[in-house]
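*Asks:* Structure provided below as structure tokens; questions to follow.
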Amino acid sequence: MKVTEIAFTGYPVTDMPRARAFYEGVLGLKPASTFEHDGKQWIEYDIAGATLGITNMAPDWKPSATGPSIALEVADFDAAVAALRAAGTPFCMEPVASPVCHMAVVTDPDGNSLCIHHRDQAGH
């Protein structure tokens, strides 16, 4: 087997309007594709050559803060943290700095965790 790329990262959600308000309103993501079937949806957000999908189509796929987590690279870490706090987004890991990056972990309205990340430039 030869893996050539990550096709998408998917998160299960229980309340699509609430989830979209977070992913689109708070995170500022733009839907690239929307699939609907029997009143359920799969929404895809294209982010720099990768795809993040949210769905309520799979009833046995449950949200979890302890499952896998996507790391979203942001241009301005401090501004992103401030915007998330202003929106009342829960932080399950407060912002931290390492020698190479800054990151924090938040949860979406269903409790799925997302890492907010910023790579530091060399010498900064």
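The values are calculated or read from the model by the stated rules, or taken from the named source; none is laboratory data. Source: prediction; values computed, not measured. So basically every Cβ, Gly included, is an ideal-geometry build from the backbone, and we count neighbours across all protein chains shown.
*Asks:* Would you confirm whether any residue within segment 104-111 is closer than 14 Å to residue 13 by Cβ and among the charged types (D, E, K, R)? Even if it seems obvious, please write down each step before you answer.
*Replies:* Going through segment 104-111, the residues closer than 14 Å to residue 13 by Cβ turn out to be 107-111.
The next check asks that each one be among the charged types (D, E, K, R); those that pass are 108, 110.
Checked segment 104-111: at least one residue is closer than 14 Å to residue 13 by Cβ and among the charged types (D, E, K, R).
*Asks:* Quick one: which of 55, 51 is surrounded by fewer than 18 Cβ atoms within 10 Å (Cβ to Cβ) and either within 14 Å of the chain's Cα centre (by Cα) or small (Gly, Ala, Ser) (or both)? Walk me through it before giving the result.
*Replies:* On the way: 55 fails: surrounded by fewer than 18 Cβ atoms within 10 Å (Cβ to Cβ).
After applying the criteria, what remains is 51.
*Asks:* Within the set of pairs 6 or more residues apart or between chains, which connect a residue that is in a helix (DSSP H, G or I) and modelled with pLDDT of 95 or more inside segment 1-25 to a residue that is polar (S, T, N, Q) and surrounded by 12 or more Cβ atoms within 10 Å (Cβ to Cβ) with Cβ atoms less than 7 Å apart?
*Replies:* 16/41; 16/56
*Asks:* To continue, here is another question. What residue, among those in segment 83-109 that are out of contact with any strand residue (DSSP E or B) (no Cβ under 7 Å at 6 or more places or on another chain) and in a loop (DSSP other than H, G, I, E, B), is nearest to residue 68 (Cα to Cα)? It would help to see each step written out before you state the result.
*Replies:* Residues of segment 83-109 out of contact with any strand residue (DSSP E or B) (no Cβ under 7 Å at 6 or more places or on another chain): 83, 85-88, 97-99, 109.
Restricting the remaining residues to those that are in a loop (DSSP other than H, G, I, E, B) gives 87-88, 98-99, 109.
Numbers: 87: 23, 88: 23, 98: 21, 99: 24, 109: 16 Å.
Checked segment 83-109; the qualifying residue nearest to residue 68 (Cα to Cα) is 109.
*Asks:* List every residue pair whose Cβ atoms sit under 6 Å apart, with the two residues 6 or more apart in sequence or on different chains, where the first one lies in segment 93-113 and is in contact (Cβ under 8 Å) with a residue 24 or more places away in the chain and the second, anywhere, is among the basic types (Lys, Arg) and not in a strand (DSSP E or B).
*Replies:* Filtered contacts from segment 93-113: 109/18.
*Asks:* I would also like to ask the following. For segment 1-19, which positions are in contact with a strand residue (DSSP E or B) (Cβ under 8 Å, 6 or more places away or on another chain) and within 14 Å of residue 112 (Cβ to Cβ)? Steps first, please.
*Replies:* At the first step, the residues of segment 1-19 found to be in contact with a strand residue (DSSP E or B) (Cβ under 8 Å, 6 or more places away or on another chain) are 6-13, 16, 19.
9, 10, 11, 12, 13, 16, 19 - these are the residues of segment 1-19 that are in contact with a strand residue (DSSP E or B) (Cβ under 8 Å, 6 or more places away or on another chain) and within 14 Å of residue 112 (Cβ to Cβ).
*Asks:* So which of 38, 76 is without any contact (Cβ under 8 Å) to a residue 60 or more places away in the chain, over 19 Å from residue 9 (Cβ atoms) and in contact with a strand residue (DSSP E or B) (Cβ under 8 Å, 6 or more places away or on another chain)? Before the answer, list the steps.
*Replies:* Numbers: 38 fails: in contact with a strand residue (DSSP E or B) (Cβ under 8 Å, 6 or more places away or on another chain).
Answer to the check: 76.
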